[in-house]
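What follows draws every value from the coordinates through simple rules; no lab data is involved. All figures in this text were calculated on a predicted structure; none of them were measured in a lab. Virtual Cβ from ideal backbone geometry, glycine too; neighbours counted across all protein chains shown.
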Amino acid sequence: MKYVSTRGSDEQLQFLDILLAGLAPDGGLYLPASYPKVCTEQLDRWRNLSYADLAVEILSLYCDDIAVEDLRKIAHQTYTAKVFCHGRQYDDASKIVPLHWLSHDGAAEIGLLSLSNGPTLAFKDMAMQLIGNLFAYALKKQGRQLNILGATSGDTGSAAEYAMRGKADIRVFMLSPAGKMSPFQCAQMYSLQDPNIFNLTIDGVFDDAQDIVKAVSNDLAFKAKHQIGTVNSINWARVIAQVVYYFSGYLQATKNSTEQVSFTVPSGNFGNICAGHIARMMGLPICKLIVATNENDVLDEFFKTGMYRTRKSSETYHTTSPSMDISKASNFERFIFDLLNRDSGRVAELFSQVQVQGGFDLSPQIVPFMQEQFGFYSGRSSHRDRIETIQSVARKYQVVIDPHTADGVKVAKQHLDPGVKMLVLETALPIKFAQTIAQALGHEPDRPSAFDGIEKLPQRVKKMSLDVLQVKQFIEQNT
């Protein structure tokens, strides 16, 4: 399996070459030179596999420079009931990602794919726990150290830090927007006292933090000298790890491998649903891939009009589904690469246009093509929508969902098709957004006992200016 850059670099690399790299040297994102195809016979053979064994089957298609037995050890070390045991009472943690149907009067309407059973109670754990073990494997094999620079809107940061804390030869420098995350999210990150974890806040929004990460990654000399890597969804390993749970959800939802299933995915940075796109390109029978945004509706606008129009920091709303408060979808370039038949020159031109003009317009004619060829649809949710959806789901199904999942459920209901099962990817446990749940239901949601009093723990965090040079200097001083 060879990997190429979306912006046309001639170099073709293997998985271990790009695992620690993040952005390609030309500023593009890595993708396989071609997607491996999965047939119905393979899907049938995978139906009774554990999640770890399913991960081995899928990952081995992309990581053929890792011995299968090594990959098996890594997957079984990662996907255990002990690690993924923090979910709701209805979840069977032994399944890692249980599927829970919202049913009314005996009829299943929408399925919630439970992705929040990991140590930080958010779907980012599904990939990050694997990446932590893959990084440790690769660094030991190569005799290297790694300094991870990342940006978070709330969940990526804590998932990365919990996956990397205490790991030899790895330091994590995580940028987050000051005042833009929930108190629980802040406490999860800032209360960590591990000496290899560094939390940095900036005055701005997630997109500003992500811009700093990209600027540092594009300084190739600095990146090489300080061995900078990334765990954001620009890292290919994050995306391919997420592909696995699309297959798991599909296999749980169907009885035979000719059935189609649709997925609705709360999305801001396009990483989670990009994994669904890749699963569909591999041959997984997905009918629709539905992007659910909040008030920061850059992606919804694109999938309805063909216009990709990023927003400035001052135009990015601070909402009650804050992990999606993103107005530059960093992972979006991978889909555009496929949409334009892998024309890397055109992709480079368009994303240069994003830097200069703030976006590009592929015209309304592209919309039906995206629907027919790639299954993409979209919808938008507001604060009022998510409050009403949280209330409705609690009343109708006796299930409490977080605000981001509520955005997904609201949009999913607009795209139901007769005879096609709809799965919504759950994003986090409700306790991470207790204030919004309390507003909707009049009480805070259940809290796993391991997180009692987390907001009162001492916090270690350093405030930074919105300055690439200052971030570089901090990294230099702490490596």
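Tabulated results
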| read-out | value |
| --- | --- |
| Net charge, N199 excluded, C-beta distance under 13 Å - Lys, Arg +1, Asp, Glu -1 | +3 |
| Farthest toward positive dipole pole in the chain [+1 Lys/Arg, -1 Asp/Glu at C-beta], among I366, Y308, L49 | L49 |
| For the chain, calculated [θ]222 nm from helices alone, where every DSSP H run of n ≥ 4 adds -39500 (n - 2.57) | -12500 deg cm²/dmol |
| Inter-probe distance in nm under a simple model that places probes 7 Å from Cα toward Cβ, at S50 and Y317 | 4.4 nm |
| Segments 179-185, 359-365 sorted - mean Cβ within 10 Å per residue, highest first | 179-185, 359-365 |
| By average C-beta atoms within 10 angstrom, highest first, the peptides 126-137, 448-459 | 126-137, 448-459 |
| Virtual spin-label span in nm between K141 and E349, 7 Å along Cα→Cβ | 3.9 nm |
| Check: segment 191-283 dipole with +1 on Lys, Arg Cβ and -1 on Asp, Glu Cβ, in debye | 400 debye |
| The chain, dipole about Cα centre (Lys/Arg Cβ +1, Asp/Glu Cβ -1), debye to the nearest 20 | 560 debye |
| Three-way shape label, segment 280-375, alpha-carbon gyration tensor, a/c 1.5 | oblate |
| Gain in span if fully extended, S34 to E455, counting 0.36 nm per residue against the direct Cα distance | 147.0 nm |
| Farthest toward positive dipole pole in the chain [+1 Lys/Arg, -1 Asp/Glu at C-beta], among N232, A406, A168 | A168 |
| Residues whose placed amide H lies under 5 Å from that of N196, excluding near-sequence neighbours | G166 |
| Point-charge dipole on Cβ atoms (K/R +1, D/E -1) for segment 250-379, about Cα centre, debye to 20 | 220 debye |
| Full-extension gain in nm, D10 to T254, via 0.36 nm per residue minus C-alpha separation | 83.7 nm |
